[in-house]
Amino acid sequence: MKTFAFTTEEREQALTLYHSIYEQIENSLEDTDMARLRQHLMNAIERHQLTRNIFGLNPILLGLQTAQLVVEEIGLRRDAVIAILLRPSVEEGYLTVDDVQSDFGESVARILRGLGRIQQLYKKNPVIESENFRNLLLSFAEDMRVILIMIADRVNLMRQIRDTEQTEAKHQVSEEAAYLYAPLAHKLGLYKLKSELEDLSLKYMEHDAYYHIKDKLSETKKSRDAYIEQFIKPIEERLKESGLKFHIKGRTKSIHSIWQKMKKQRCPFEGVYDLFAIRVILEESGEKVDERELHHREAVQCWQTFAIITSMYQPNPKRLRDWISVPKSNGYESLHITVLGPDKKWVEVQIRTERMDEVAERGVAAHWRYKGVKGDAGMDEWLTNIRTMLETSDGLDAMDQFKMDLYEDEVFVFTPKGDLFKFPKGATVLDFAYHIHSKIGNQCTGGRINGRVVTLRQQLQSGDQVEILTAANQKPKQDWLNIVKTSRAKSKIRLALKETQVKEGLFAKETLERKFKNRKMEMDDSLMQTLIRKLGFKEVSDFYRQIASGELDAGYVLDRYAELQQGDQPITGNNVAESASHFVLDESRLPGNVVQDDVLVIDRNLKGIDYQLARCCQPIYGDAVFGFVTISGGIKIHRMDCPNAPELRKRFGYRIVKAKWSGKGASQYAITLRVVGNDDIGIVNNLTSIISKDEKLILRSINIDSHDGLFSGNLSIMIDDNTRLEGLLRKLRTVKGVKQVERI
């Protein structure tokens, strides 16, 4: 990267931003702050120490833009602003964190250390994958402001790269914004920034979908505004009559939300009926009261407003959401109700106070203005849970669980003593048991919900009173991992199972060794390892676990070991001859699905890694491909134009690895061609004869349907590479009567 000089336009922008930020945070600054900060920035500019990023953006201007965003949108002040503005100099190595600590204090230095750790992660690997994700969140968990700054930094970067020509870097930044930073913003209650991240990601990654919805919203804006006015006019009149001070606004759903709904419901734009919500915001009286009285007054006003609206428009009781009595963990408070408005249209109405609205817009940062409001303790607990989860589970599980935890609705349940606990929707009695204590969870046999005995699988509902039943002889089981919902319970079960398996494995090994001695046989470790593999076990621990549980008979193992030792026959687990009538072709064993000697390079020039070719798109040698790390840890190879590729990149970008073909051998691959044409006599023979004439092509199967003079069919073929495929497609398209030939 080259060093840079400010352009005239950049200098004007920087000065305007600098003065704007100073005016907003002046009260939080110490006497010498601005002089020292200005000196540091001027040194960096005059000495040409800093460099533009990959998008050619000015780092100081970028920092000022981010600083303005954290001040105006999130509410951070002195420490965060100074850390953001000094970050480029620290990252370039021209300023140390110790220097910053000496000039500006420990709090600014701590933020810079957190930001520095994140920069180191990006240097090692610019894509946040599983292990980096773990380290990233651990860095976040040390200082809440690091999370907020990183979210603001990503929002600002997304705003600035609209017209960049660096399309690959832009795509990568957008994917990360969608799968990491938007969920973080959601959890922290920063809904405005979350929506902006999601919308910009959609705009950059799925351009056509974004502008299709944007244009549709523009077309329908006039009629939508007219409907909103018609809906709220009678509400305004009734609320004024009641003496309430308020303002009402209509809020259109984000483009990203509409797109998600269209995909989920498989409907066009016109099929999404709840395009907007009405928000009633009750204004504060300005009278000074204590916190408890304030909350009581706010709740009374919100429910009074609720009663007025539902007396005018028919409510849907199933769509009532009360986050005033029990706020969300991120502090969100509001009443949501869906009512039947004019023209029989369902409309969502959100009722909240100005304080609640600021918390909803600014999220966790707004709590710092309202001391004592619930939320800070919950946020600390959330960060502690992240740390625990990351330390007790592998990276991919951590990421999946983290994303799931962010988006799930919450249920609130009580202990017999009246203590209130919060769980994700779908949590079970077993989750509740592990929340209390590991020992209670390990010995849980069921529970009592509202006095009724239930199994440990029973899902919790808001308002349940839960009591746990235990037994001393109860032990955790593998399928418990499928019962629990919370990451806390999963990590505790895994730990207990690991301890149990170690004990059972040692016992099973001793049992097997004793049986070997009884038969006067020597147990050779290398031969035993061979046997374990031949019996289909990938892990030795699984082998001994099945012996301990009785699923695998120790006597059978000894017999197979003896056969292997004598070399009588291969170990298959079943040497009984079967009738051919029972034979089922296993396609996974056909040559097309097993790569023999073509070379595929994965990630950073790694060769010889086990992988499978994805069946959804059937890649072959020469195709542009990428790798996808599955839950089990294996790698599946997909074509770049695979129909599933956009969704994989969007939802699981952190599991994508690079892949490319290198050396060419004699491997063959299975592909399927879709052929459509006129149902003429001999056309199928003409197609198959073209394939059969090429000795390097094998026709595996053909499936033809004809209707109304047209035929369509699938040809399954074994082929060497995409060059030969292109040649075959050209030949097939020349056959008289063929209308279309395409690979599927």
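The values are calculated or read from the model by the stated rules, or taken from the named source; none is laboratory data. Quick caveat, the model's predicted, so the values are computed rather than measured. Reconstructed Cβ throughout: ideal geometry from the backbone, glycine too, with neighbour counts over all protein chains shown. Keep in mind that these areas ignore ligands, DNA and RNA; they rest on the heavy atoms of the full protein, side chains included. Shrake-Rupley method; radii C 1.70, N 1.55, O 1.52, S 1.80 Å.
Assorted remarks:
- Ligands, DNA and RNA left out, the accessible area of the range 621-744 computed with a 1.4 Å probe is 49% carbon and sulfur.
- Near Ser334, the amide H atoms lying under 5 Å from its own belong to Trp323, Ile324; only residues 5 or more places off or on other chains count, and H is placed 1.01 Å from N.
- Taking 7 Å steps out from each Cα toward its Cβ at Glu726 and Thr470 produces label points 6.9 nm apart.
- Arg733-Asn703 FRET efficiency (beta carbon distance; Förster radius 25 Å; 0.05 resolution): 0.80
- Amide H contacts for Gly426 (H built 1.01 Å from N in the peptide plane; partners 5 or more residues away or on another chain; cut-off under 5 Å): Leu460.
- The range 206-253 and the range 155-179 have Cα centres spaced 30 Å apart.
- Virtual spin-label span in nm between Lys318 and Ile54, 7 Å along Cα→Cβ: 4.7
- Low-density loop cleavage sites - trypsin sites (Lys or Arg not before Pro) in the range 486-553, where at most 14 other Cβ are within 10 Å (DSSP): Arg519, Lys520, Lys538
- Distance in nm between pseudo-label sites at His171 and Glu26 (7 Å out along the Cβ direction from Cα): 4.9
- Taking amide hydrogens as placed 1.01 Å from N in the peptide plane, the amide H of Phe276 sits under 5 Å from those of Lys253, each at least 5 positions away in sequence or on another chain.
- Annotation note: chymotrypsin sites (Phe, Trp or Tyr not before Pro) in the range 207-298 located in DSSP loop regions with a Cβ neighbour count of at most 15 within 10 Å are Tyr273.
- Restriction of the chymotrypsin sites (Phe, Trp or Tyr not before Pro) in the range 1-49 to DSSP coil positions whose beta-carbon has at most 15 other beta-carbons within 10 angstrom yields Phe6.
- Additional length obtainable on full extension of the chain from Ala5 to Gln612, 0.36 nm per residue less Cα span: 213.5 nm
- Counting 0.36 nm for each residue step from Lys696 to Gln461 and taking away their Cα separation leaves a gain of 78.4 nm.
- Here r is the Cβ-Cβ distance between Val300 and Glu241 and R0 is 22 Å; the resulting FRET efficiency, rounded to 0.05, is 0.80.
- At full extension, Gln265 and Val453 could sit 63.9 nm farther apart than now, given 0.36 nm per residue minus the alpha carbon distance.
- Under 15 Å from the Met42 label point (7 Å along Cα→beta-carbon), backbone N, the range 5-23: 15
- Calculated FRET efficiency for the pair Phe421/Asp225, C-beta based, R₀ 51 Å, to 0.05: 0.70
- Taking 26 Å as the limit for the C-alpha separation, the pairs Lys216/Lys240; Lys422/Lys492; Lys221/Lys249; Lys328/Lys498; Lys490/Lys538; Lys245/Lys288 exceed it in the case of Lys216/Lys240; Lys328/Lys498.
- The range 260-315-the range 707-735 distance, computed between alpha-carbon centres (Å): 58
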